[in-house]
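The structure appears below as structure tokens.
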Amino acid sequence: MTIMTTAQDYGVVREDATLTLERLLPGPIERIWSYLVDSDLRRQWLAAGAMEEKVGAAVDLVWRNDELTDPPGTRPEAMGDEHRMTCEVLECDAPHRLAISWGSTGGVTFTLQPRGDEVLLTITHHRVTDPAVLLNVIAGWHAHVDVLEAKLRGTQATPHWDNFVRLREVYAARLVG
């Protein structure tokens, strides 16, 4: 089964080059939190890397997007088979809020709010000022959260790379319009 994307599932970009993506996921909140901070769980939808839940802790993230879905889909030519980035934990209020630095941007904040049996995950990626980077970042977050949602719901995710390419085209049209 494939998760169908609805209009409210799309990320939005504010004028200050900050994007926000929200998704309602099956809880409990501790389960979702573990997919943010536990390397083995996080690698199943985003990137591996040990994370100490402490402000100031370094986090070495390793993306291997070909391993997220089976099949992985067709990787875009410009994308490598592995990507690495060192981040730092900026805020940690388990299991509600996690903020980490993120390369040359203003960082990423994950907020979790219980909604009955589900949890609202809000990802806010601050100050992505380069339009080409913004397009890849927003399509990337959306595609990765699609994998997370499928994993949590016990469904089959769309091949990651095919979904990413499709979403990049959708966001290119949405951001221009």
Inset, instruction - Can you work out which of the residues in region 118-162 that are of a type in the set (Gly, Ala, Ser) and outside any loop (DSSP other than H, G, I, E, B) is farthest from ALA173 (Cα to Cα)? - result: ALA150
Inset, instruction - Collect the residues in region 126-162 that are over 13 Å from TRP45 (Cα atoms) and under 14 Å from the mean Cα position of the chain (by Cα), keeping them in residue-number order. - result: HIS126, LEU134, LEU135, ASN136, VAL137, ILE138, ALA139
Legend entry - Leading residue by the ranking (most open to solvent (accessible area, probe 1.4 Å)) among those in region 118-135 that are more than 19 Å from CYS87 (Cβ to Cβ) and at pLDDT 95 or above: GLU118
Inset, instruction - For region 141-174, enumerate the residues that are open to solvent by 10 Å² or more (accessible area, probe 1.4 Å) and small (Gly, Ala, Ser). - result: GLY154, ALA157, ALA172, ALA173
Legend entry - strands (runs of 3 or more DSSP E) (entirely within region 1-102) containing at least 2 residues that are open to solvent by 80 Å² or more (accessible area, probe 1.4 Å), in contact with a strand residue (DSSP E or B) (Cβ under 6 Å, 6 or more places away or on another chain) and without any contact (Cβ under 8 Å) to a residue 60 or more places away in the chain: 83-93
Inset, instruction - Kindly indicate the residue of region 103-117 that is touching a His at 6+ places or on another chain (Cβ under 6 Å) and assigned to a strand (DSSP E or B) and also surrounded by the fewest Cβ atoms within 10 Å (Cβ to Cβ) among those meeting that condition. - result: VAL108
Inset, instruction - Consider ILE138 carefully, then state whether it is without any contact (Cβ under 8 Å) to a residue 60 or more places away in the chain and surrounded by 14 or more Cβ atoms within 10 Å (Cβ to Cβ). - result: no
Inset, instruction - Kindly check whether there is at least one residue in region 1-11 that is of a type in the set (S, T, N, Q) and either over 21 Å from VAL147 (Cβ atoms) or in contact with a His (Cβ under 7 Å, 6 or more places away or on another chain) (or both). - result: no
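The values are calculated or read from the model by the stated rules, or taken from the named source; none is laboratory data. Predicted model only: the values in this text are computed from it and were never measured. Here Cβ is always computed from backbone atoms with ideal geometry, including for glycine, and neighbour counts include all displayed protein chains. Only protein heavy atoms, including side chains, enter the accessible area calculation; ligands, DNA and RNA are left aside. Shrake-Rupley method; radii C 1.70, N 1.55, O 1.52, S 1.80 Å.
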